[in-house]
Amino acid sequence: MDILIVGAGNMARGIATRFLAGGHPVHIADRDPQKARRLAADLNADATGESLDDGPGDARIVVLALPYPANREIAEAWRDSLRGKLVVDISNPVDFATFDDLATPPGMSAAEEVAAAAPEARVVKAFNTTFAGNLAGGAPMDVFIAGDDESAREEIARLASDGGLRPVSVGGLKHARELEGFQLLHMKAQEQIDGRFSTTIGFATV
């Protein structure tokens, strides 16, 4: 299965590590292709790095390991070439000026904005509640998955399970709103959360 991870930050590293551990090769694309190639080399596995200018190519699964709203901007730019592909949004659209609100409009999630930008893609919300460090380190964690396409949810669940994670399907893409809202609270309360709990869920930093 051809998997493209867009972004070369901490979350891209963590997700790539899990996919590779499950036996699934990955491609990594970034605005800075050298950064993507360095990450691929660091992973020392079946990974390659490339430029965003190449687009999604033949990848069947595209993971937008990007902060909000860069995820939506890529979906808009690649609108036509994402047709029929499974697109995973991992972002948390937090207003980092206040850490007290989401940057998305009321009644809307970042994942739904991605779906609106690329309406013929099969969009899934996942990995927004997982710590990058714990992903890369191999700790067991729950991965909450929301999406309107049941087969897309199941496919991401298999990838997560193959990588030693515990997939939890929460239903349609509208539930990305709750996942993103929950994560805002988790980020605010992180210092108060016991370390045993943070090995189960944690906020995604890209």
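The values are calculated or read from the model by the stated rules, or taken from the named source; none is laboratory data. Because the structure is a prediction, the values reported are computed rather than measured. Cβ placement follows ideal geometry from the backbone for every residue including glycine, while neighbour counts extend to all protein chains displayed. Surface areas here come from the heavy atoms of the whole protein model, side chains and all, with no ligands, DNA or RNA. Shrake-Rupley method; radii C 1.70, N 1.55, O 1.52, S 1.80 Å.
Computed over the Cα atoms of the stretch 134-194, pair by distinct pair, the Kirkwood hydrodynamic radius stands at 12.7 angstrom. Ligands, DNA and RNA aside, Phe99 has an accessible area near 80 Å² when probed at 1.4 Å. Take every Cα pair under 8 Å in the stretch 1-115 that's 6+ residues apart, average their separations, divide by the length, and report that relative contact order as a whole percent. Relative contact order comes out at 23 percent. For a modelled paramagnetic label at Lys188, 7 Å from Cα along Cα-to-Cβ, the residues of the stretch 112-144 in reach, with backbone nitrogen under 18 Å, are 129.
What the chain shows is 43 Å² of accessible area per residue, with the surface traced by a 1.4 Å probe over protein heavy atoms.
Could you tell me the relative contact order of the chain? Use alpha-carbon pairs under 8 Å, at least six residues apart, and round to a whole percent.
Values: 463 pairs, mean separation 44.4, N = 206.
Relative contact order here is 22 percent.
Highest GNM mean-square fluctuation among Leu52, Leu173, Leu86, for the chain modelled with Cα contacts below 10 Å: Leu52. Each part gets one Cα centre, and for the stretch 49-63 versus the stretch 124-170 those centres are 20 Å apart. Computing FRET efficiency as 1/(1 + (r/R0)^6) for Lys174 and Arg38, where r is the C-beta to C-beta distance and R0 is 41 Å, gives about 0.60. Using the alpha-carbon positions of the chain, Rg (one decimal) and Dmax (whole number) come out as 15.4, 44 Å. Other residues with beta-carbon under 13 Å from the beta-carbon of Ile145 carry, at +1 per Lys or Arg and -1 per Asp or Glu, a net charge of -3.
If both residues of a DSSP beta bridge must be in the chain, then about 10% of such bridges are antiparallel.
First compute the accessible area of the chain with a 1.4 Å probe, then give the percent of it belonging to carbon and sulfur atoms. Write out the running numbers ahead of the final one.
On the way: 4340 of 8920 Å².
Exposed carbon and sulfur together represent 49 percent of the surface.
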